[in-house]
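The values are calculated or read from the model by the stated rules, or taken from the named source; none is laboratory data. Predicted, not measured: the structure shown is a model, and the values here were computed from it. All Cβ positions, glycine included, derive from the backbone under ideal geometry; neighbour counts span all protein chains shown.
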């Protein structure tokens, strides 16, 4: 076993694979950051809100106010440097830190693809993506034809994890047996040309897309791995993600997955892409192909053991974290204990409304809170059906009203939630003073039990 591992670690592959991936990643991140800026989301999401929901353990991450623009400028500059491969190690590290910090500022904006970008950029810190067709190679006067095979396989493995869990989580009774929530979402897309008023209104289409989505996620890694099926698999990747981009407002994620799938192709394909890029940048071609650049056969890490161990721990976390939900007795889709960071992509439709009552425990007098005085519309929407946000907001209200002179108060929630089109059910125990509850990894006993059952993963 050890001998096989040692043999594998000594295998090499074309450096052009990581070079093309680096360029695609940098360009996609550059466009994403500019897009976020242009749409005004920096202001509305990170600057205007009076209060920001925090991830447990990351309460120390604070909004920088107007200086948040500097974080985005850092992301943009880092993305440019990643694309051209200049000061690569520093650039990808700065991008990882700045992008992740931005995402930790506000929990209501959590999306799987933001999480994917964070962990992918962390992974890229350790990979030799600048050893070919980069400014680093030009200035150092040397580039490498080959890099360790495992450095490319690491990206492939991360994508397999994403697809595998995305497919596995779709194996549940709501998704497969009831076609939920697609049966709710698709009929609302009636304005899509050709299919909106016809196909998307049909029950059989809802079921076909539910089953097809599950099968796609589970099968696509195998199609991409094998040479004979790779082109067909890539065509499926393009069709699936473009189609979902048309149907749903999921930002850049579909296009990120499309360009990431190129990593599965042989080095010959990536060499052709680099040749094409050289033609595009014809005025600089003489610099890129400078004769003084030494072409070295193979790049080898100087400290490969600690890098491999670091990545081993990294992947162990990625494999185990999605299964943490089994530690909780509650229905996952209802209580969402262990829901985030598990690649459960667009699996539920939850709508809720939550009111908060401030009670003076001495006099018994009470009043209700206007959430709009403290939260944005997006924050209200997301908070209303996510228990950890409800608890965090309750403590914020408690601190606020105590600072206003209110003494011996309790905060109680009147909360009702609908899951996948079901009738509203009471969500939070209205008799529980949320100020007495603390956030932790323990089961939240103050969440009312789900009055139905969803079988599966």
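Couple of notes before you dig in:
- None of 122, 133, 138, 164 is outside any helix (DSSP H, G or I) and touching a helix residue (DSSP H, G or I) at 6+ places or on another chain (Cβ under 9 Å) except 133.
- When the residues of the range 398-423 are filtered to those that are touching a residue at least 24 places away in the same chain (Cβ under 8 Å) and assigned to a loop (DSSP other than H, G, I, E, B), the one that is nearest to the chain's Cα centre (by Cα) is 420.
- Apart from one condition, residue 62 fits all of (1) buried (at least 19 other Cβ atoms within 10 Å of the Cβ); (2) in a loop (DSSP other than H, G, I, E, B); (3) out of contact with any helix residue (DSSP H, G or I) (no Cβ under 7 Å at 6 or more places or on another chain); the exception is (1).
- Filter result for the condition that a residue is at pLDDT 90 or above and in contact with a strand residue (DSSP E or B) (Cβ under 7 Å, 6 or more places away or on another chain), over 341, 356, 323: 356
- Test: residue in the range 350-357 that is assigned to a helix (DSSP H, G or I) and either under 19 Å from the mean Cα position of the chain (by Cα) or closer than 17 Å to residue 181 by Cβ (or both): no
- Residues in the range 334-348 that are under 18 Å from the mean Cα position of the chain (by Cα) and either in contact (Cβ under 8 Å) with a residue 24 or more places away in the chain or surrounded by fewer than 16 Cβ atoms within 10 Å (Cβ to Cβ) (or both): 336, 337, 340, 341, 342, 343, 344, 345, 346, 347, 348.
- Segments classed as helices (runs of 4 or more DSSP H), wholly inside the range 203-296, with at least 3 members that are modelled with pLDDT of 90 or more and surrounded by 13 or more Cβ atoms within 10 Å (Cβ to Cβ): 203-225, 227-247, 253-260, 267-280
- Single residue of the range 1-40 satisfying the filter (in contact with a helix residue (DSSP H, G or I) (Cβ under 9 Å, 6 or more places away or on another chain) and not in a helix (DSSP H, G or I)) that is modelled with the lowest pLDDT: 10
- There is no residue in the range 311-326 that is crowded, with 18+ Cβ neighbours inside 10 Å and not in a helix (DSSP H, G or I).
- Within the range 424-457, the set of residues being part of a strand (DSSP E or B), at pLDDT 95 or above and in contact with a helix residue (DSSP H, G or I) (Cβ under 9 Å, 6 or more places away or on another chain) comprises 425, 428, 447.
- Within the range 173-202, the residues that satisfy the criterion of being surrounded by 17 or more Cβ atoms within 10 Å (Cβ to Cβ), in contact (Cβ under 8 Å) with a residue 40 or more places away in the chain and not in a helix (DSSP H, G or I) are 178, 180, 181.
- Check on residue 55, touching a helix residue (DSSP H, G or I) at 6+ places or on another chain (Cβ under 6 Å) and outside any helix (DSSP H, G or I): yes
Matching residues to (1) touching a strand residue (DSSP E or B) at 6+ places or on another chain (Cβ under 9 Å); (2) at pLDDT below 95:
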residue: 113; (1), (2): no, yes
residue: 119; (1), (2): no, no
residue: 125; (1), (2): no, no
residue: 133; (1), (2): yes, yes
residue: 139; (1), (2): no, yes
residue: 142; (1), (2): yes, yes
residue: 145; (1), (2): yes, yes
residue: 154; (1), (2): no, no
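Residue by residue, here is whether (1) surrounded by 18 or more Cβ atoms within 10 Å (Cβ to Cβ); (2) under 17 Å from residue 50 (Cβ atoms); (3) touching a strand residue (DSSP E or B) at 6+ places or on another chain (Cβ under 7 Å) holds:
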position: 386; (1), (2), (3): yes, no, no
position: 403; (1), (2), (3): no, yes, no
position: 424; (1), (2), (3): no, no, yes
position: 427; (1), (2), (3): yes, no, yes
position: 439; (1), (2), (3): no, no, no
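- Restricting the first member to the range 271-289 and to residues that are under 18 Å from residue 17 (Cα atoms), and the second to residues that are modelled with pLDDT of 85 or more and in a helix (DSSP H, G or I), the beta-carbon pairs closer than 6 Å and six or more apart or on different chains are 271/16; 273/20; 274/16.
- Residue among 104, 70, 90 that alone is in the same structural domain as residue 149 (by TED's automatic domain parsing), closer than 30 Å to residue 273 by Cα and either more than 17 Å from the chain's Cα centre (by Cα) or part of a helix (DSSP H, G or I) (or both): 90
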